[in-house]
């Protein structure tokens with residue numbers, strides 16, 4: 001068994017209970033807990049040991065839960081063009097045929113737009129996390145994502 005498997009087995013229930021206390025929904029708690037451990041595995045090298053690993057995992061869980069809730073709110077908000085554009089892309093992902101069109105459009109994007117868009121939409125990373133990956137500012141990651149989103153929308157319009 002790897003060290004991460006040990007961490008997963010030891011702390012899964014604690015993280016799940018913590019997320020459940022926030023959400024009061026078993027399905028959401030399960031999904032957020034799984035995503036938490038995925039993110040923790042991806043960034044285990046960043047754990048410096050300044051706190052207990054359980055505290056670190058719960059911090060990731062809290063941020064993941066709030067990101068999840070913000071994403072859910074985007075489906076309800078339709079009063080701005082920006083929210084509407086984001087919703088259209090996310091709703092389109094629900095249809096497999098349209099998802100294929102989006103992936104095809106992404107394939108045509110140049111870097112860093114392709115990776116930033118993928119990390120934000122599919123990886124559900126925050127702009128702060130994306131900026132850390134690229135060693136750039138958070139503003140850079142926001143602008144790059146916005147440009148990537150426009151490029152994807154333009155490519156989708158051309159494909160119609």
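The values are calculated or read from the model by the stated rules, or taken from the named source; none is laboratory data. Model, not experiment: these values are computed from the prediction. Virtual Cβ from ideal backbone geometry, glycine too; neighbours counted across all protein chains shown.
Taking the stretch 100-133 as the range and being in a helix (DSSP H, G or I) and loosely packed, with under 15 Cβ neighbours inside 10 Å as the test, the residues that pass are 100, 103, 104, 107, 128.
Matching residues to (1) at pLDDT below 75; (2) more than 30 Å from residue 9 (Cβ to Cβ); (3) touching a helix residue (DSSP H, G or I) at 6+ places or on another chain (Cβ under 6 Å):
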position: 61; (1), (2), (3): no, no, yes
position: 96; (1), (2), (3): yes, yes, no
position: 117; (1), (2), (3): no, yes, yes
position: 121; (1), (2), (3): no, yes, no
position: 154; (1), (2), (3): no, yes, no
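Checking each residue in the stretch 119-141 for being more than 17 Å from residue 40 (Cβ to Cβ) and within 14 Å of the chain's Cα centre (by Cα) picks out 120, 121, 122, 127, 130, 131, 141. When the test is whether a residue is modelled with pLDDT under 85 and touching a helix residue (DSSP H, G or I) at 6+ places or on another chain (Cβ under 7 Å), residue 44 passes it.
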